[in-house]
């Protein structure tokens, strides 16, 4: 085995980060996607654009602005300091926050599409069957949007695992705290340690492939289309 | 017992202005061409459209008045949508249960409703394994199982082909006979209305043109229904007897009798007859030389022009029953038809609804 | 370099002038007008632009500059990239290329020696002896990844020489290169860090902001930045001329003004 302790540590850290980020993103992304799918507010387009921004911004740019934002002079940094949380950069929490920003569109977009595809009618039907809006959300919207949730979770997870620029910028490459797999691979490759790089990259590839395969097998793509 | 409503609502290019008092039981049809505001009115009643400042009282319960607006899920109503609207993630049983377990009312007997709509054998199926007609029957059952105090049906047959329509109509008639709650039924199909409705509301461009008992309203010569090619009236009749020798069945109505081909019907049973205006001709005397079986003594009430320059519409009183006859202008002049003239109405064919 | 994902940027500056010069040379029949493809270390961006401009003016040759990370250049050169001259951020890569036959034997020389500085964006944090490292009072010390960046390796050497490495190690945050390390410090997320002197000096040769301690050269091995003639440039007059120009007094003056020193 070519993997050293640092590699294995980085692997566990990555899975932990991706899991935490995915769970939080589903919680945050759901109301945002729901609002975007349902609103007729003039704010819909600007908010949509803001949510999508991380998709087009180079990660190092996003990372840099997050660094400034979370820094001692930044508004977020001042907030976390005032709350007694200290500064976020170079911490696992900081990585989580940055990854949430970075992967947000990958959670929101599939959810929004799933909510859009459901349309107005099932909600109206549920209302005429005495279901309150909240009840409707859990008894109708969630089950109908399940493929969207799967896609959102897979995309968020995969994107967080593969993310590099932002993590590098915010993390400070601290072993066991912020040195995730992608950074570890980058370091190996940059240091011309290709063998270790290959092992890690190959492992990452295999892992991602298995996760995707498993999720898609349980949740065939296009299930949402067939339903309607 | 009644439904009082008043809604005003404007959309780009369309405004709804309706004020109505409808019977507190039986089927009221909201009838009109597409774009007349039928569905919008129904959605306002359901609360699916938030018509500000409207008023709605259903058999004494205020659902909406000024600023007071009872949200849809708090209104004791059943709604059957035009197209199949079953939840795809639930089985038939799951769909039926959805509304049932959320209803606060006295939920009707499941067995009775399953039997009435003929869906007992479908319970474990998913909606995508049902035919269009089966889906609508399940949707109706689902609505009924919420113990509604008002049933709203938005063209429940419009998305079905004619065969499926024939399959489901008997169930709707059974509904009509067995339900104690009022039903509002949106339709643009005259035959459906003639068959199912007791009360007729005629809508055009968001306004109420007429609202009244079905037979009376259909016989009105001043409404666009009378100008239609398929203008027709309905007669409430009673099965009076059978002529076994000629294989005919006799139906009595206030104004006369009508013979139809022998049907296996219980004497005394109510039946509804639909008579198209174009199937009624007029003679000045009882023409014993005619092959037409049903000849009724009548009195001309009014004669008006139609959209067709060759034809006029004649309104007749047959006893207490009003009828319409569409004849050519030339015949009118040859016969010299004027109001209060005694004539004979000859009926070429009738449809019998049970 | 900050905003480019590939960390590569092709700068063909003063293109118009260069073209004009080329046309003039062609018209007057002066032979040898040529373009040289240069891969240069990102930390050498500013001085190299200045040097190349002067070189174009005096020689009539044209220079196409690409700035980026030395590690990436190495991989690209091995993959057949059309570079003719490499100005590396270290001295190992040019030696390696030479050993592998990808560069001309004997063409290597040190064009600049980087100077390490301990810097804080805040005033009065770093004293002129670097005692702050012993005193502590900071959460994070930024340095470049010692495995990848010579400045990072030099920083670790310095910490070890001062005998504070073990106590400070938990506070270390690593930038992937000195540009990122500079950002950690300049945004205040790390109170202080080891960066390149060239990063913190202004045009006037004085500290732009904050407080700094220029680490004595005896504390770390020199950060030699070597230049080398690559195989593709072996027979190119412009490439040879540029390398010669880099050793000249004009170039040396520029290199020094940006906070580097030069070898003997």
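No value in this document is a laboratory result; all are computed from the given coordinates. Bear in mind the structure is a predicted one, so any value in this text is a computation, not a measurement. Glycine also receives a Cβ, built like all others from the backbone with ideal geometry; neighbour counts cover every protein chain displayed.
Per residue of A:115-125, how many C-beta atoms from partner chains lie within 10 Å of its own C-beta, taken as a mean?
Counting other chains' Cβ atoms within 10 Å and averaging over A:115-125 gives 3.
With the contact rule set at Cα under 8 Å and sequence spacing of 6 or more, what percent relative contact order holds for chain A?
Relative contact order comes out at 31 percent.
Taking every Cα atom in segment C:116-214, find the radius of gyration and the maximum pairwise distance Dmax, and write them in Å.
12.0, 37
Taking the inverse of the average 1/r across all pairs of different Cα atoms in chain C, what Kirkwood radius in Å do you get?
19.3 Å
So what's the back-of-envelope 222 nm ellipticity for chain A, counting only DSSP H runs of four-plus at -39500 (n - 2.57) apiece and dividing by all residues, rounded to 500?
Helices in chain A give a 222 nm mean residue ellipticity of -24000 deg cm²/dmol.
Arrange the peptides B:247-257, B:12-22, C:89-99 so that the one whose residues have, on average, the most other Cβ atoms within 10 Å appears first. Don't jump to the answer; show the numbers that get you there.
On the way: B:247-257: 16.7, B:12-22: 15.0, C:89-99: 19.9.
Top to bottom by mean Cβ count within 10 Å: C:89-99, B:247-257, B:12-22.
Ordered by packing density, taken as the mean number of other Cβ atoms within 10 Å over each peptide's residues, highest first, how do A:195-207, B:74-86 rank? Before the final figure, lay out the partial values.
Numbers: A:195-207: 15.5, B:74-86: 22.2.
Per-residue Cβ counts within 10 Å, averaged per peptide and sorted highest first, yield B:74-86, A:195-207.
With a 10 Å radius around each residue's Cβ, average the other Cβ atoms per peptide and rank A:156-162, A:172-178, B:50-56, highest first.
A:156-162, A:172-178, B:50-56
Give me the one-decimal Kirkwood hydrodynamic radius in Å for chain A, with the sum taken over alpha-carbon pairs.
19.1 Å
Connecting C-alpha atoms closer than 10 Å in a GNM of chain B, tell me which of B:174, B:263, B:195 has the biggest fluctuation.
B:263
At 7 Å along the Cα-to-beta-carbon direction for both residue C:168 and residue B:286, put a label point, then send me their distance in nm to one decimal.
It is 12.5 nm.
Against the longest principal axis of chain B, how steep is helix B:132-144, in degrees 0 to 90 to the nearest 10, with axes from Cα atoms?
Tilt relative to chain B: about 70 degrees.
If the elastic network links every pair of Cα atoms under 10 Å, which of A:152, A:131, A:37 fluctuates the most in the Gaussian network model of chain A?
A:131
Taking Cα pairs under 8 Å and at least six residues apart, what relative contact order does chain B come out at, in percent?
16 percent
Above 52 angstrom, tally the Cα pairs of the protein assembly as shown and express them as a % of all pairs, no decimals.
46 percent
Mind checking the angle between helix A:5-38 and chain A's longest principal axis? C-alpha axes, 0 to 90 degrees, to the nearest 10.
For A:5-38 against chain A, the angle is about 20 degrees.
Helix C:45-59: angle to the longest alpha-carbon principal axis of chain C, degrees 0 to 90, nearest 10?
Computed tilt is about 20 degrees.
Which of C:118, C:87, C:133 moves most in a GNM of chain C, Cα contacts under 10 Å?
Residue with maximal mean-square fluctuation among C:118, C:87, C:133: C:133.
Please report, to two decimal places, log10 I(q)/I(0) for segment A:139-191 at q = 0.20, 0.24 Å⁻¹ as given by the Debye formula with identical point scatterers on the Cα atoms and no solvent.
Here log10 of I(q) over I(0) equals -0.71, -0.87.
In peptide B:138-150, what is the residue-averaged number of other protein chain Cβ atoms found within 10 Å of each Cβ?
On the way: counts 0, 1, 0, 0, 3, 3, 0, 1, 3, 1, 2, 0, 0.
Partner Cβ neighbours, averaged per residue: 1.
Rounded to a whole number, what is D in µm²/s for chain B from Stokes-Einstein with the Kirkwood radius over alpha-carbon pairs (20 °C, 1.002 mPa s)?
On the way: Rh = 22.0 Å.
Rounded, D is 97 µm²/s.
When Cβ neighbours within 10 Å are restricted to other protein chains, what is their mean count per residue of peptide C:175-188?
5
Once all Cα-Cα distances of segment B:202-313 are split into 5 Å bins that start at 0, what whole-number percent is in each one?
For segment B:202-313, the binned pair fractions read 2, 9, 17, 19, 19, 15, 9, 6, 3, 1, 0 percent.
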